[in-house]
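Let me begin by presenting the structure, written as structure tokens, before commenting on it.
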Amino acid sequence: MRRRATACASFCGADAVTPRRATTLRSRRARIRRRRVAAFAGLAAFAGLAALIVLGVAIISSAGKSGPPPLPLPGIGRPAKPGDPFAYVPERQADFVVRATAGSAHVLFVKSPGGALATAARVAAFRPLIDSAVTGTGVDPGLLEALVFVESAGRPAVIAGGDPASASGLTQILAQTGQSLLGMHIDLARSRRLTAQINDAGARGQDARVARLVRARAKIDDRFDPSQALAATVRYLQIAERRFGRWDLAFESYHMGIGNLQSVLNEYDSGRAVPYVQLYFDTAPDHRPAAYRLLASFGDDSSLYYWRLLGAERIMGLYRTDRPGLARLVALQTAAGSNARVLHPGDLDRPFGDPTALDRAYAARAVLPLPSNAGRLGLRYDPGIGALASRLGVTPALYRGLRPPALDLLIALAARVRSLSGSPASILTVTSAVSDLRYQQLLGVSDPPAAGGWSFTIARRYAGSAQAAAFQAMLDRLQALDLIAWERYPSEIEITVARDASQALVHGP
């Protein structure tokens, strides 16, 4: 049984990693990148997942010398190892859960009405009712509280789409589901009339009348009575737990629907109930592909629902035990259109201030040039990378490098996209790499992860639908593993890489 087409009022239709935000930074960056000129020097060097083939002498720093820094030396990057370096490892199940919780949390911060702190305050007010509703049922009160956070953001009168037939109330229950499955008292006709009157009174500023009408609606539609809504949600979760034998699957089914989740399990392993972390991460376009395609086909982020619940549970925990820490996390999560600042808080990853500082990083091998054997790796480099370098008196090649973990992940990403697309001709075009703050001033942008060598951009130009689908599948998987943050622009995808990407590639996520 599909619970509903869109599950929640707070986050329905939200893109977890590309929230609809028209920012000055984004528009300026788009205009500047459209004005890029061709100026590719063609030199690249030192790359690989674990080792480098050195063809020359060490890079000599230009610090303290006059003139531009020297060009990076040519070199060859080792291809990624065959297979899927991001595959599920049963022995590390807990690590996958932690990663998925962190990697899927951004939308909770950018889509929460009034912000995550305000939402947490509203939700916390219902905790006594939540504790009462779960008594003696086996339902985790923390996860039920998280469900309230995700579904309604603690707003008991919210309606998805405005029609009470749709998901409504504190836990966003469909009228049909409430009546046919959960035994709720719902007089839909009267609920619709009262809702129209509530909207009219609200538009007229008649607050007292709104309050009376809201109380009247709660008496004829249980979904708008928080106690009744919570009790019905507990009944649903108990029904689902009896079906699957697992609470994680029961909570996931609240969004996806019991029937849909059972269909995925059927495709995965003949219907056997497995931990949701296994079901999610042990499927891929080339591994149990039928289950993967079905899981991805439901849309509206159904497959991420359980991770969002765990993320909301973490927010509520921080709200109670470390509110200043939660405020800092809110600031990082909302500082950009992705969770890039969470991967790289400013006090940990200081950006390169100017070309000289960036040249020193090359000399120390803290930054490595892009590989010269790009085609063999499934890559090509846009000739406009570093096109404004001459204005700073340096060569464009200075801006064609990355931090080692970012370079490692770029190579692995290209290899995996090539494998999934089924074509050796699959090529990803890199349109930008490391920069420094002086260079960003010329661009009119502020992007600390890029100025630290942790970000690169890939052109949204694909050889065909197979490559596009493979690239999207990898963006989704790497985001869920908390190894990247990504953001979509009109002509390119910006990817920021986590500090532990190289370690994950060697030892597994």
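The values are calculated or read from the model by the stated rules, or taken from the named source; none is laboratory data. Everything numeric here is computed off the predicted structure, so don't read it as measured data. Ideal geometry is used to build each Cβ from the backbone, glycine not excepted, and the neighbour counts take in all protein chains shown.
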> How many of the residues making up region 296-313 are within 21 Å of THR101 (Cβ to Cβ) and either hydroxyl-bearing (Ser, Thr, Tyr) or modelled with pLDDT under 95 (or both)?
Replying inline: 8
> Hey, any hits in region 356-368 for a residue that's under 18 Å from THR431 (Cα atoms) and within 32 Å of the chain's Cα centre (by Cα)?
Replying inline: yes
> What number of residues within region 318-351 satisfy the criterion of being among the acidic types (Asp, Glu) and closer than 21 Å to TYR439 by Cβ?
Replying inline: 1
> Inside region 81-141, counting only helices (runs of 4 or more DSSP H) that do not spill past its ends, which hold 3 or more residues that are out of contact with any helix residue (DSSP H, G or I) (no Cβ under 7 Å at 6 or more places or on another chain)?
Replying inline: 93-103, 116-124
>> Of the residues LEU174, LEU230, LEU194, only one is more than 37 Å from the chain's Cα centre (by Cα), among the aliphatic types (A, V, I, L, M) and surrounded by 16 or more Cβ atoms within 10 Å (Cβ to Cβ); which?
In response: LEU194
> Scanning region 433-444 for residues that are within 16 Å of THR496 (Cα to Cα) and touching a Lys or Arg at 6+ places or on another chain (Cβ under 8 Å), which turns out surrounded by the fewest Cβ atoms within 10 Å (Cβ to Cβ)?
Replying inline: ALA433
>> Checking the structure you have, find out if any residue of region 216-228 is in contact with a strand residue (DSSP E or B) (Cβ under 6 Å, 6 or more places away or on another chain), under 27 Å from GLY257 (Cα atoms) and among the hydroxyl-bearing types (Ser, Thr, Tyr).
In response: no
>> Name the single residue that is surrounded by the most Cβ atoms within 10 Å (Cβ to Cβ) among those in region 319-335 being assigned to a helix (DSSP H, G or I) and without any contact (Cβ under 8 Å) to a residue 40 or more places away in the chain.
In response: LEU332
> Counting only residues that are in contact with an Asp or Glu (Cβ under 7 Å, 6 or more places away or on another chain), in a helix (DSSP H, G or I) and under 15 Å from LEU170 (Cα atoms), how many does region 191-239 have?
Replying inline: 4
>> With the requirement that a residue be under 21 Å from ALA167 (Cβ atoms) and without any contact (Cβ under 8 Å) to a residue 24 or more places away in the chain, what does region 116-156 give you?
In response: none
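To keep it simple, each residue is scored yes or no on (1) over 23 Å from the mean Cα position of the chain (by Cα); (2) under 24 Å from ALA291 (Cβ atoms); (3) assigned by TED's automatic domain parsing to the domain that holds HIS287.
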{"site": "LEU392", "(1), (2), (3)": "yes, no, no"}
{"site": "THR431", "(1), (2), (3)": "no, no, no"}
{"site": "LEU475", "(1), (2), (3)": "no, yes, no"}
{"site": "ASP482", "(1), (2), (3)": "no, yes, no"}
{"site": "TYR489", "(1), (2), (3)": "no, no, no"}
{"site": "VAL497", "(1), (2), (3)": "no, no, no"}
> When both residues are 6+ apart or on different chains and their Cβ atoms are under 7 Å apart, which pairs have a first residue that lies in region 357-380 and is under 16 Å from ARG438 (Cβ atoms) and touching a residue at least 24 places away in the same chain (Cβ under 8 Å), and a second that is among the polar types (S, T, N, Q) and surrounded by fewer than 20 Cβ atoms within 10 Å (Cβ to Cβ)?
Replying inline: ASP359/SER61; ASP359/SER62; ARG360/SER61
> Can you tell me which residues in region 415-425 are hydroxyl-bearing (Ser, Thr, Tyr) and surrounded by fewer than 23 Cβ atoms within 10 Å (Cβ to Cβ)?
Replying inline: SER419, SER423
>> I need a count of the residues in region 177-190 that are part of a helix (DSSP H, G or I) and either buried (at least 21 other Cβ atoms within 10 Å of the Cβ) or in contact (Cβ under 8 Å) with a residue 40 or more places away in the chain (or both).
In response: 2
>> Quick test for you: out of ASP349, ASP354, ASP359, ASP408, pick the one residue that is buried (at least 20 other Cβ atoms within 10 Å of the Cβ), farther than 22 Å from GLY83 by Cα and among the acidic types (Asp, Glu).
In response: ASP359
> Only one of (1) surrounded by fewer than 21 Cβ atoms within 10 Å (Cβ to Cβ); (2) at positive phi; (3) assigned by TED's automatic domain parsing to the domain that holds ALA451 is not met by GLY384, so which one is it?
Replying inline: (2)
> Which residue out of VAL98, VAL139, VAL110 is closer than 30 Å to ASP282 by Cβ and outside the structural domain of SER168 (by TED's automatic domain parsing)?
Replying inline: VAL98
